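One structure is given below, encoded as structure tokens.
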Amino acid sequence: MNPLQLILGDEEFLIDRAIASIIRGVRAGMQSNPEELPVTKLRAGDVTPSEIVELLSPSLFAEDRVVVLEAAGEAGKEAAATIEQAVHEPAPGIVLVVVHSGGGRAKNLVTVLKKAGAEVTECPKITKVSEREAFVINEFRNLGVRPSSDAVHALLDAIGGDLRELASAVTQLVADTGGRVDSAAVRRYYAGVAGVTGFQVADDTLAGNTAAALTALRWALVGGLHPVPIADALGDSLLGMARLSAIGRVDPYSSAKTLGMPPWKIKKIQQQLRGWDAARLAQAMQIATELNGAVKGQSADAEYALEKAVREISQLAGRR
């Protein structure tokens, strides 16, 4: 184990995972009881130079220790200088983990650590949909599963962008399905999540599949899903269709940034639009607008209003 570790970036979940991995690595190489490994975590900006010196000084028996200095970019001038000195004069038995965003007033500390031979773990902030897709795919592959794109998209719809929840969901899905993960499995395991059931209802509705849409709707409501997120999913899908309909044919990849949608979503909307013309799309948008008010208090029976809207919109989609 390299005694000098630099975790570079500001994605919290990836940072936590990297720290845990380093600690496991140190414990695996210990001669004594791994559970007795001392681990100290401090924010570099809150610790004094004297405290850093004490933490990083050699002990009498050179026992294994892990010292994690978080938010090192915010360290003061004296604290940063003390860390630099400790890097150049490492004490035996100590693994120093420095977590640095790459910026801040102690930005130069990154260069110092790299020149000193630190092992670098990159943990950049994940903000783009494509990056979340890549993260989910990599999580599956680390568990020996090659997921279909539909399964990845269904999971992102269901869970959202929280990496910790996505990683947990991937692990659970692989364990529960024996690695046979597809979009149907995602929907089955996350039937009570708005992102799956809401958009599943919307997909069936906009495809003109009335029976499937009403069945999905009933299961969603029985499972405890509130009418509002289902109505929102239907409205969002129609809004996306209206946007693309107004623009005309576009390339999903070159237009993704401009439209603020991932390519797979643009492709999906383009497929949905094939069964629609401008007049029927306008009618569906009007129904969705009225539904939005109904499920948010304007109707005495939100579930009935939702079922009525799903039926009417799916029948519009079915006309050719």
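The mean of 1/r over all pairs of different alpha-carbon atoms in the chain, once inverted, gives a Kirkwood hydrodynamic radius of 23.1 Å. Within the listed set Asn33, Asn138, Asn108, the residue fluctuating most in the Gaussian network model of the chain (springs between alpha-carbon atoms under 10 angstrom) is Asn33. Pairs of Lys residues in the chain that lie 8 or more places apart, or on two chains, and have C-alpha atoms under 15 angstrom apart add up to 6. A crude spin-label estimate for the pair Thr111 and Asp251, with each label 7 Å from Cα along the Cβ direction, gives 4.0 nm.
For trypsin sites (Lys or Arg not before Pro), the sites in the range 82-183 that DSSP calls loop and that have at most 14 other Cβ atoms within 10 Å are Arg105, Lys107, Lys125, Lys128, Arg180. Here Ala134 and Met285 are evaluated by their C-beta separation; at R0 = 35 Å the FRET efficiency comes out at 0.55. Rolling a 1.4 Å probe over the protein heavy atoms of the chain, with every protein chain left in place, gives an accessible area that is 50 percent carbon and sulfur.
Over the range 39-190, the alpha carbon radius of gyration divided by the compact-protein estimate 2.2 N^0.38 Å works out to 1.39. Above 24 angstrom, tally the Cα pairs of the range 4-123 and express them as a % of all pairs, no decimals. Percentage above 24 Å: 20. Length, then width, then depth: along the principal axes, the Cα atoms of the range 32-102 run 36, 21, 18 Å. When only DSSP loop residues count, what GluC sites (Glu not before Pro) in the range 218-312 have their Cβ near at most 12 other Cβ atoms within 10 Å? Sites meeting the loop and neighbour criteria: none at all.
Between Asp277 and Val228, residue separation times 0.36 nm minus the direct Cα-Cα distance comes to 15.0 nm. One quarter of the surface of the convex hull around the alpha-carbon atoms of the range 129-190 equals 3.4 nm², the direction-averaged projected area. Taking 7 Å steps out from each Cα toward its Cβ at Lys77 and Glu51 produces label points 2.1 nm apart.
The values are calculated or read from the model by the stated rules, or taken from the named source; none is laboratory data. These figures come from a predicted structure and were not determined experimentally. In this analysis, Cβ positions are derived from the backbone assuming ideal geometry, glycine residues included, and neighbour counts consider all displayed protein chains. Quick note on the areas: whole protein, heavy atoms, side chains included, nothing else; ligands and nucleic acids left out. Shrake-Rupley method; radii C 1.70, N 1.55, O 1.52, S 1.80 Å.
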